[in-house]
1. Got at least one residue in the stretch 22-39 being over 16 Å from the mean Cα position of the chain (by Cα), farther than 20 Å from residue 211 by Cα and touching a residue at least 24 places away in the same chain (Cβ under 8 Å)?
2. For the stretch 24-113, please list each of the helices (runs of 4 or more DSSP H) lying entirely inside it that holds at least 1 residues being among the basic types (Lys, Arg) and surrounded by fewer than 15 Cβ atoms within 10 Å (Cβ to Cβ).
3. Within the stretch 31-42, is even one residue within 16 Å of residue 173 (Cα to Cα), modelled with pLDDT of 95 or more and β-branched (Val, Ile, Thr)?
4. Give the residues of the stretch 2-50 that are within 17 Å of residue 184 (Cα to Cα), out of contact with any helix residue (DSSP H, G or I) (no Cβ under 6 Å at 6 or more places or on another chain) and of a type in the set (Asp, Glu), sorted by residue number.
5. Going by the conditions given, is residue 18 crowded, with 20+ Cβ neighbours inside 10 Å, closer than 23 Å to residue 111 by Cα and in contact (Cβ under 8 Å) with a residue 60 or more places away in the chain?
6. Scanning the stretch 116-161 for residues that are of a type in the set (D, E, K, R) and within 14 Å of the chain's Cα centre (by Cα), which turns out surrounded by the most Cβ atoms within 10 Å (Cβ to Cβ)?
7. Quick one: would you say residue 131 is part of a helix (DSSP H, G or I), under 21 Å from residue 195 (Cα atoms), in contact (Cβ under 8 Å) with a residue 12 or more places away in the chain and out of contact with any Cys (no Cβ under 9 Å at 6 or more places or on another chain)?
8. Quick check on this structure: which one of 193, 206, 211 is aliphatic (A, V, I, L, M), touching a Ser or Thr at 6+ places or on another chain (Cβ under 8 Å) and either modelled with pLDDT under 90 or more than 20 Å from residue 9 (Cβ to Cβ) (or both)?
Amino acid sequence: MRTLGASLKADDPTVMAHSFAVDGKIIPIVFDVPHLVKSVRNNLKRHGLKIQDKNISWSHLETFYENDKKNTVRLAPKLTEKHIILPPFMNMRVRLATQVFSHTVAAGMKTMVDLGRLPSEALDTALFFQDMNRLFDILNSRTIGDKNPWRRPLNMRSAVQVKVLEESLPWISSWSFRPRFIPPCQWGFSLTIRSVILLWNSMANINLKFICTAKLNQDCIEVSLHMRCWRLIQTGHHLSIWATWIPHAQTQHALQGEVSGSS
């Protein structure tokens with residue numbers, strides 16, 4: 001992407017930090033959000049996280065799980081030992097990350113803090129999980145009629161969701177996993193959010209009704225690439241032309257305004 005003109009620097013305030021130009025058109029860069037979430041989880045487990053004066057600790061989750069699994073009626077019934085210890089290859093499963101960064105786990109941890117079964121410092125960890133859950137919902141929208149308003153596709157009336165995205169930028173910048181270390185997932189989240197905001201601001205100009213942010217993820221692109229690959233093989237074209245097709249396909253796939261559910 002840098003070869004195409006994007007700086008990929010989170011501290012670059014220009015639009016070229018997270019986009020590049022093709023034939024005079026700005027193509028925003030969106031990283032695969034499920035992979036970003038998994039990477040944040042992995043860094044949190046490995047290093048811990050400090051946000052200003054708040055310490056976000058994986059040990060709070062471990063203590064919560066050990067307490068909760070003893071309950072007859074559990075606060076977070078989907079949480080298992082696999083979520084906590086991540087056996088080999090389990091760290092590749094998106095749901096093991098998103099089910100940790102969930103409203104259910106955050107609410108359960110806050111409940112245990114109130115009951116004195118978790119230390120008061122665990123509240124910061126619970127709030128981090130809660131904020132990550134909301135951020136993932138906005139960046140993983142699919143269905144107009146979703147009962148969770150954060151998971152509904154962006155439209156011209158999505159100012160509340162976009163405000164959350166805007167406010168998350170300084171929050172993400174304040175993350176500190178360890179001294180002088182900024183993992184790719186951190187600046188990847190920032191650049192992706194800026195690109196989604198750019199797309200939202202462009203909706204009126206290109207006559208779009210909705211943006212299904214889930215369609216920006218890698219799985220959707222891989223399906224499109226597979227179909228394109230087959231057509232290229234049939235026509236005898238060299239596969240290297242993908243390099244010029246991928247950015248256009250990624251943007252168009254999410255901006256079709258095709259959403260499930262009722263309008």
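The values are calculated or read from the model by the stated rules, or taken from the named source; none is laboratory data. Since we're looking at a predicted model, the values are computed, not measured. FYI the Cβ positions are ideal-geometry reconstructions off the backbone, even for glycines, and counts take in every protein chain you see.
1. Yes, the stretch 22-39 has at least one match.
2. Working: elements: 33-47, 58-68, 81-85, 94-98.
Counting at least 1 such residues, we get 33-47, 81-85, 94-98.
3. Yes.
4. Residues satisfying the conditions are 11, 12.
5. Criteria not met by residue 18.
6. So in the stretch 116-161, the residues of a type in the set (D, E, K, R) come out as 117, 121, 124, 131, 134, 137, 142, 146-147, 151-152, 157.
With the extra rule that they be within 14 Å of the chain's Cα centre (by Cα), the set shrinks to 131, 134, 137, 142, 151.
On the way: 131: 18, 134: 19, 137: 21, 142: 15, 151: 19.
Among residues in the stretch 116-161 that are of a type in the set (D, E, K, R) and within 14 Å of the chain's Cα centre (by Cα), the one surrounded by the most Cβ atoms within 10 Å (Cβ to Cβ) is 137.
7. For residue 131, the condition - part of a helix (DSSP H, G or I), under 21 Å from residue 195 (Cα atoms), in contact (Cβ under 8 Å) with a residue 12 or more places away in the chain and out of contact with any Cys (no Cβ under 9 Å at 6 or more places or on another chain) - is met.
8. Numbers: 193 fails: either modelled with pLDDT under 90 or more than 20 Å from residue 9 (Cβ to Cβ) (or both); 206 fails: touching a Ser or Thr at 6+ places or on another chain (Cβ under 8 Å).
Just one listed residue meets the conditions, 211.
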